[in-house]
Amino acid sequence: MLKYIIRRLAMLIPVLLGVSILAFSLMQLIPGDPARSMLGEKATESQLMQLREEMGLNDPYIVQYGRFLGSVLQGDLGESIKSKEDISVELLNRLPATIELTMFAMILAIVVGILAGVIAAVKQYSWFDNLSMTGALFGVSLPIFWLGLMMIWLFSVKLGILPASGRLSNDVELNTITNFYLLDSILTGNWVAFKDVFTHLLMPGVALGTIPMAIIARMTRSSMLEVMKQDYIRTANAKGLARHLIVFRHALKNAFLPVLTVIGLQFGLLLGGAVLTETIFSWPGVGRYVYLAVLGRDYPVVQGAILIIAIIFVLVNLITDILYKYFDPRISYN
Amino acid sequence: MKDETPILQVKQLHTHFFSKSGVVKAVDGVNFDIKPGETLGIVGESGSGKSITAMSIMRLIPSPPGKIVNGEVLFKGEDLLKKSEKQMRKIRGKEISMIFQDPMTSLNPVLTVEKQMIETILTHENMNKSQARERAVELMDLVGIPESRNRLKNYPHEFSGGMRQRVMIAMALACNPEVLIADEPTTALDVTIQAQILELLNKLQKELGMAIVMITHDLGVVAEVCDRVMVMYAGKPVEFTEANSLFANPKHPYTWGLMNSIPKITSKKEKLEAIEGAPPDLRALPQGCSFAPRCKHAMEQCLTIDPSITKVEESHHVRCLLYEETEKVIST
Ligand code: SF4
């Protein structure tokens with residue numbers, strides 16, 4: 001098992017190298033000259049030339065890439081064109097906010113999605129089944145930004161019960177330890193902050209979690225229906241086991257395998273969704289940072305963010321594969 | 001000497017499946033009883049209703065579309081068909097348990113054998129986990145699985161087919177059931193393993209005294225383990241007698257067909273294909289005897305008169321017009 005994990009980690013190296021090339025060349029392809037965006041429209045041609053020379057933009061691509069990779073390996077993602085801030089530091093500062101939001105959304109999606117899927121399957125063709133699956137069909141096709149804006153309109157503007165932006169209200173104090181606010185508020189026993197953080201998480205979490213929730217629910221349902229027909233479920237029934245043992249222990253553990261694959265994939269997509277959600281809800285995370293960087297053609301920031309997101313993505317995949325082993329003993333990793 | 005009061009009596013059992021294309025009368029009037037320590041064989045081709053009979057006794061018919069429309073299943077004198085689902089769960093796996101054809105698919109692939117074994121014990125017996133674990137080791141020893149304590153930690157795919165069936169048997173015997181229903185327990189196994197499993201069942205029955213309902217398509221299995229046999233065709237029993245007299249003196253033309261297709265113990269098992277034609281469509285049974293289209297001895301009246309089960313000798317019953325005639329001849 002440990003060997004497998006080490007081997008998988010080693011296999012990440014070429015993947016990440018590929019990602020770095022992609023991140024690097026993507027920014028070369030996007031129209032817009034960073035030198036011009038730094039100096040503004042009124043800059044003279046000679047000023048531009050000089051800056052391009054300074055930034056190494058006139059060097060061959062391969063040299064530029066080598067320089068890029070060299071500094072990345074030292075954990076240096078360069079500095080922002082706009083603010084001159086250290087990108088690594090900025091990203092690390094914003095990462096907890098994004099991870100907190102995506103984890104919240106994903107846990108919501110997994111818990112509600114699986115529960116709804118299981119109940120829908122066990123009570124196939126019941127009103128719950130019809131209602132939840134129609135809802136799931138809706139959920140899959142809802143655009144995040146539309147859902148987000150509608151929720152803001154309803155819960156913040158009309159009803160005024162949920163905050164529309166940010167992670168924490170201005171008048172609430174919180175001592176940060178990990179920068180995961182929910183965790184920090186628990187660690188410091190600050191229940192006022194906990195409630196405040198939670199209400200801030202709710203709308204962006206739902207906006208972000210709706211699509212994966214819907215997909216997980218549908219997948220769980222169809223997988224459960226398949227599993228409930230299997231011989232070992234008949235055996236479990238013939239043994240006189242209680243219904244909940246049959247559904248949750250015997251059926252769900254088998255039905256969960258395809259759902260796990262979906263969860264892994266959705267996690268990756270969630271990172272993309274986070275850009276939209278964070279923008280709508282002014283969530284101070286990596287997604288919003290990237291969005292602003294793209295708008296401002298702050299290309300070192302975009303590059304850095306792509307790398308970070310790619311690393312998270314492959315790590316999530318790795319974790320999914322390891323969990324597979326836990327849930328399916330028939331898989332051997334040799 | 002065997003106790004003479006039956007532990008299980010099935011009376012006029014009718015289990016039908018309701019589909020859009022019609023009503024499938026999968027089990028249509030089955031009667032039998034079985035005494036403690038006895039082994040009753042139910043023999044027939046697939047689709048004869050033998051497995052549905054077993055599932056009906058356990059009340060495990062998927063409903064819808066299946067429904068037990070009529071009959072009684074008396075277990076120790078109480079009608080199981082009148083029990084609530086909750087009461088049935090107390091009986092399943094404890095007083096009546098079941099083993100199935102394919103031990104690969106019948107065990108849960110993602111749970112250890114230990115987990116699957118002790119959950120049955122914990123469900124039915126007043127034991128804690130470590131007592132249940134000890135009982136599981138005992139059971140593994142009982143069914144002849146070497147290194148029982150270590151093997152408990154394994155998953156089903158880590159066992160061979162024969163060992164897996166032993167695990168199934170151990171699980172079924174966990175709570176000392178009074179009736180064991182074995183649904184084609186050896187069909188999926190190699191010939192040599194088949195013999196071992198049958199021998200094991202014989203031995204366990206002698207030790208534990210449970211009644212066994214042996215469901216099989218294989219008269220070879222019947223010869224090996226059964227005391228009495230019921231031959232089924234198209235949802236109905238067609239011949240019912242002592243195993244000895246079935247082999248010595250088979251009476252129903254369908255049984256004759258089955259006899260001709262007994263696989264030799266030395267040869268690989270084969271399907272019962274010696275009888276020409278296919279089992280009838282249970283949604284549209286022919287008028288008269290259901291077996292008539294395939295019967296080499298069919299007479300004109302077989303196409304119009306549905307024979308009823310008739311006693312032709314002491315404890316030998318047959319559903320065939322050939323014998324209703326002789327009855328009449330005898331009685332006049
Ligand atoms: S009743 Fe007629 S058709 Fe049916 S088994 Fe007897 S002889 Fe054959």
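None of the figures in this text is laboratory data; all of them are computed from the coordinates on show. Because the structure is a prediction, the values reported are computed rather than measured. Cβ: placed from backbone, ideal geometry, glycine included. Neighbour counts: every protein chain shown.
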List the GluC sites (Glu not before Pro) within the range B:2-51 that DSSP assigns to loop and that have no more than 12 neighbouring Cβ atoms inside 10 Å. B:GLU4
Of the candidates A:PRO60, A:MET1, A:ILE13, the farthest towards the positive dipole end of the range A:1-106 (Lys/Arg Cβ +1, Asp/Glu Cβ -1, centred on the Cα centre) is A:MET1
Nearest 10 degrees is fine. How inclined is helix B:113-124 to the longest principal axis of chain B, computing both from alpha carbons? 80
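Out of the range A:123-165, which chymotrypsin sites (Phe, Trp or Tyr not before Pro) are coil in DSSP terms and have no more than 15 other C-beta atoms within 10 Å?
A:TYR125
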Helix A:252-280 against the longest principal axis of chain A: what's the angle in degrees, Cα atoms only, rounded to the nearest 10? 30
Note, the range B:178-186: 3J(HN,Hα) by Karplus (6.51, -1.76, 1.60, θ = phi - 60°), whole Hz, Gly/Pro = x, goes 8, 10, 10, 9, 10, 9, 6, x, 10
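About the Cα centre of chain A, what is the dipole size in debye to 20, counting +1 per Lys and Arg Cβ and -1 per Asp and Glu Cβ, all else neutral?
Here chain A has a charge dipole of around 1660 debye.
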Which loop-located GluC sites (Glu not before Pro) does the range A:77-169 contain, where loop means any DSSP state but H, G, I, E or B and the Cβ has at most 13 other Cβ atoms within 10 Å? A:GLU85
Can you list, bin by bin at 10 Å, the percent of alpha carbon pairs in the range A:262-331, starting at 0? 20, 41, 24, 12, 4, 0
Once the dipole of the protein assembly as shown is set up from charges on Cβ (+1 Lys and Arg, -1 Asp and Glu), the residue from the list A:ILE161, A:ALA242, B:VAL179 lying farthest towards its positive end is A:ILE161
Straight-line reach from A:LYS195: which aspartates and glutamates fall under 18 Å, measuring Cα to Cα and dropping same-chain residues less than 8 apart? A:GLU100, A:ASP171, A:GLU173, A:ASP184
With Cα springs under 10 Å, the Gaussian network model of chain A assigns the largest mean-square fluctuation among A:ILE186, A:ILE99, A:ILE280 to A:ILE186
Give, to the nearest whole percent, the P(r) tail of the protein assembly as shown beyond 35 angstrom, counting all Cα pairs. 58
Using only Cα atoms, tell me the angle between helix A:191-227 and the longest principal axis of chain A; keep it within 0 to 90° and round to the nearest 10. 60
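Counting only DSSP beta bridges with both residues in the protein assembly as shown, tell me the antiparallel percent, nearest 5.
Counting only bridges with both partners in the protein assembly as shown, antiparallel ones make up about 65 percent.
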Okay, helix-only estimate at 222 nm for chain B: each DSSP H run of n ≥ 4 adds -39500 (n - 2.57), divide by all residues, round to 500 deg cm²/dmol; what do you get? -9500 deg cm²/dmol
How big is the dipole moment of the range A:65-170 about its Cα centre under a simple scheme where the beta carbon of each Lys and Arg is +1, that of each Asp and Glu is -1, and everything else is neutral? Debye, nearest 20, please. 260
Set B:LYS25/B:LYS90; B:LYS90/B:LYS153; A:LYS325/B:LYS115; B:LYS20/B:LYS86 screened for pairs whose C-alpha atoms are more than 21 Å apart: B:LYS25/B:LYS90; B:LYS90/B:LYS153; B:LYS20/B:LYS86
Rh (Kirkwood, all Cα-Cα pairs) for chain B, Å, reads 20.9
Kirkwood hydrodynamic radius, computed over distinct alpha-carbon pairs, for the range A:87-222: how many Å, to one decimal? 16.3
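Rounding to the nearest 20 debye, state how big the charge dipole of the protein assembly as shown is about its Cα centre with +1 on each Lys and Arg Cβ and -1 on each Asp and Glu Cβ. If you can, show how the numbers build up before the last one.
Values: 66 positive and 65 negative charges, 113 e Å.
About 540 debye.
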If you find the alpha carbon centre of the range B:87-135 and of the range A:94-146, how far apart are they in angstrom? 34
Taking every pair of alpha-carbon atoms in the range B:103-174, give the share separated by more than 18 Å as a whole percent. 27
With each run of n ≥ 4 DSSP H residues scored as -39500 (n - 2.57), what mean residue ellipticity at 222 nm is computed for chain A after dividing by its residue count and rounding to the nearest 500 deg cm²/dmol? -24000 deg cm²/dmol
